[in-house]
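What follows draws every value from the coordinates through simple rules; no lab data is involved. Source: prediction; values computed, not measured.
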Amino acid sequence: MKTNIFVTTVLCCSTIVSASHAEEIGSVDTEFKWLGPDHKIVVEAFDDPKIEGITCYLSRSKKGGLKGMVGLAEETSDASLACRQVGPIRMVGEPKDGEKVFSESRSLIFKKLQVVRFFDKKRQTYIYLAYSDRVIEGSPQNAISTVPIQSWSSR
């Protein structure tokens, strides 16, 4: 009984955290599972919280099966990232180099997928880096996307 309450709590919390950071745009199945949902690739969008006018699109794997269904599967470190200027650039806060703009748990406790932002002042370009880290050992797999600041005329 205690285990079921714990699993239910973990599922609810992980769903809330994911939903507050990114909007699912779509997904494709990659492997059929007899029990539980299929393995899939999910495409999500999130807006930079401190820079209006920039949206990032992130694709990542999502394990299905029984472990995936109850939130116990450890996800891979693979991710793809594309960030674009979608409107006029406007600062909402004070952006800092290396600041986290997105974070999502990739395992029950220790692994996270993160996106951080940097600014190349010389080239007037924002750089977004996606990577996975773990308490003990991270992964060298990463993805990068750049957004050069351009004037935006109303259409």
Filter the cross-link list LYS63/LYS100; LYS50/LYS112; LYS62/LYS121 down to pairs whose alpha-carbon distance in this structure exceeds 30 Å. LYS62/LYS121
Step through the residues of the stretch 121-127 one at a time and calculate ³J(HN,Hα) from phi using the Karplus curve (6.51 cos²θ - 1.76 cosθ + 1.60, θ = phi - 60°), rounding each to whole Hz and writing x for Gly and Pro. 4, 4, 9, 6, 9, 8, 10
For the stretch 112-117, Karplus couplings with θ = phi - 60° (6.51, -1.76, 1.60), whole Hz, Gly/Pro x: 9, 9, 10, 10, 10, 10
